[in-house]
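Beneath this line is the structure, given in structure tokens, with notes to follow.
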């Protein structure tokens, strides 16, 4: 296979470009394999280290996953409605938790998870939390503890007629060890799992349905939450055991639902990223330097069409200090009961210019590390491809000569 190369120097000052900045020679080459006809697939384009300035500027090259949805409910049972994703990095990949009805025999929300090494293939699909004493246990937000167990913050219903936070600790079999599903029995929810928030005066009357994001930092559990009975703010509470919280105060004045908060340390300084939704056609994000006072929210993404018209949840996907993208729950009906899991990925921007001067950019992704460029009706095109940073503006390469063939696969080196 002929290798098309273009030599250039990239200094370490280029922020976040992990896959290309490590070498002086940048190349694009065709590799064995098949993409969908009418397209080409280009690998090694995932986002580099988290750069808050790109987020503050609002210039982000975020591409929808070509799979719509990325993950659908199982067909075993006739209750099919999954959302509330929470992706947790583990050695060798991620555990993706989610809630609602994953092809079950009754309309009772439960918590499930799958394992993945790349967000392309999902394995070890299992129920994690049974609803037990409640009608529903849903809206999972998960963190992994140093001992390998997972701490899950969920909401349980009904407590009287309200949704309240519930905390669970689970140890799942290592998916890479070949352990069988029978090696793990789902946790059955009881009132003993309910969490408390001391110092939040309205807690007894609070309704906290799906607004219970957990973050673990420096031995402290941070619970970011909202209250439909006291609407208009995102609040924070802290705990040393993940169950008994002490109210810290409001941290974002916004009538939005918080689903996930992640902490990064670019340049050794903390930066917190919050993900929010409002059961409509868009998502928001907000940034903070201290985890308490967040900047005004900005629009992150809007629905791509009818299938994800109503967006009901968001979960960030991280890998170390990198924000790769997000998984979100969404559906086509205003009843919010036919949801699936969709994904968007933050990637380097690829711009292909053919010999006639026509440009094509990657408009979709396949998982976090693969971009897809449409060739239309062309069987092959020659020209150049240029790589830009995640802002879609900062060039990270000179134009690289290349011939793109319909249905072929390429990689950046």
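Bear in mind these aren't lab numbers, they're just calculated from the coordinates by the rules spelled out. If you're wondering where the values come from, they're calculated on a predicted model, not measured in any experiment. Positions of Cβ are backbone-derived with ideal geometry, glycine not excepted, and every protein chain shown enters the neighbour counts.
Points to keep in mind about this one:
- Equivalent-ellipsoid semi-axes for the range 283-413 (Cα gyration tensor, √(5λ), whole Å, largest first): 32, 21, 12.
- The range 215-294: C-alpha gyration tensor shape, a/c 1.5 cut-off, then a/b vs b/c: oblate
- Ranking of 134, 388 by count of other Cβ atoms within 10 Å, fewest first: 388, 134
- Antiparallel beta bridges, as assigned by DSSP with both residues in the chain, represent about 95 percent of the total such bridges.
- Counting other Cβ atoms within 10 Å as a rough exposure proxy, the listed residues 143, 258 run 143, 258 from fewest neighbours to most.
- Between 87, 204, 167, the residue with the greatest mean-square fluctuation in the GNM of the chain (Cα pairs under 10 Å linked by springs) is 204.
- Result for the chain in a Gaussian network model with C-alpha springs under 10 Å: among 93, 305, 325, the largest mean-square fluctuation is at 305.
- Pairs of Cα atoms nearer than 8 Å and 6+ residues apart set the relative contact order; for the range 298-391 it is 20 percent.
- Shape category assigned to the range 310-351 from the gyration tensor of Cα positions, a/c cut at 1.5: oblate
- Ordering 222, 74 from the fewest to the most neighbouring beta carbons within 10 Å gives 74, 222.
- Rounded, prolate or oblate (a/c below 1.5 giving rounded, otherwise prolate when a/b exceeds b/c) for the range 67-344 by Cα gyration tensor: rounded
- The GNM of the chain, with springs linking C-alpha atoms under 10 angstrom apart, assigns the highest mean-square fluctuation among 101, 316, 231 to 231.
- The relative contact order of the range 67-344 comes to 16 percent, based on Cα pairs under 8 Å that sit 6 or more residues apart.
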